[in-house]
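Q: Handing you this structure, nothing more for now.
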Amino acid sequence: MQKAAPKSWFSAGQRIHVENCATRFGPISWTTEAGNNGRWKVNLALTEAFAGDLHVHIHASDGRPLRGSSLGTVEKIRVLVPSSLLAQRTTLEIDVF
């Protein structure tokens, strides 16, 4: 998700909000809020049947790679949350830095 979003959308104070985005694994809604300190908070709403891995792309406005995440594995500019961590969850909050 957010793969094609421009870097400016991830600048401090910006917010991305998407409702009921259709995916092959079921609809997903999310909000990404950029903090002032190179941190982002991602809140997600999923269906219980969501069975795919989740790839959360964050494009830091300064181009730097991500350093860490409260959930999942950081891979340069994205956080990979495997389906095993999503099982039976309908809401999720991820802190990315």
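Q: Taking the options LEU46, LEU80, name whichever one is under 20 Å from ALA5 (Cα atoms) and hydrophobic (A, V, I, L, M, F, W, C). Break it down into steps so the answer makes sense when it comes.
A: Numbers: LEU46 fails: under 20 Å from ALA5 (Cα atoms).
Exactly one of LEU46, LEU80 is under 20 Å from ALA5 (Cα atoms) and hydrophobic (A, V, I, L, M, F, W, C), namely LEU80.
Q: Can you find, within the range 3-60, the residue that is surrounded by the most Cβ atoms within 10 Å (Cβ to Cβ) among those that are closer than 17 Å to PHE97 by Cβ and among the small types (Gly, Ala, Ser)?
A: Among those that are closer than 17 Å to PHE97 by Cβ and among the small types (Gly, Ala, Ser), it is ALA34.
Q: With the requirement that a residue be under 13 Å from the mean Cα position of the chain (by Cα) and part of a loop (DSSP other than H, G, I, E, B), what does the range 85-97 give you?
A: Residue satisfying the conditions is PHE97 alone.
Q: To continue, here is another question. Are there strands (runs of 3 or more DSSP E) fully within the range 1-84 with at least 2 residues that are touching a Gly at 6+ places or on another chain (Cβ under 6 Å)? List them. Lay out the reasoning, then the answer.
A: Values: elements: 15-21, 28-34, 40-46, 54-57, 73-75, 78-81.
Per the criteria, 78-81.
Q: If you don't mind, there's one more thing I want to ask. Please give the number of the condition ILE16 fails out of (1) more than 15 Å from THR90 (Cβ to Cβ); (2) at pLDDT below 95.
A: (2)
Q: May I ask you to say which residue of VAL74, VAL96 is within 24 Å of SER8 (Cα to Cα), out of contact with any Ser or Thr (no Cβ under 8 Å at 6 or more places or on another chain) and modelled with pLDDT of 95 or more? Write out each step before concluding.
A: Working: VAL96 fails: out of contact with any Ser or Thr (no Cβ under 8 Å at 6 or more places or on another chain).
Only one candidate passes the filter, namely VAL74.
The values are calculated or read from the model by the stated rules, or taken from the named source; none is laboratory data. The structure presented is a predicted model; accordingly, all values stated were derived computationally and were not measured. Don't worry about glycine lacking a Cβ; one is built from the backbone with ideal geometry, like all the others, and counts go over all protein chains shown.
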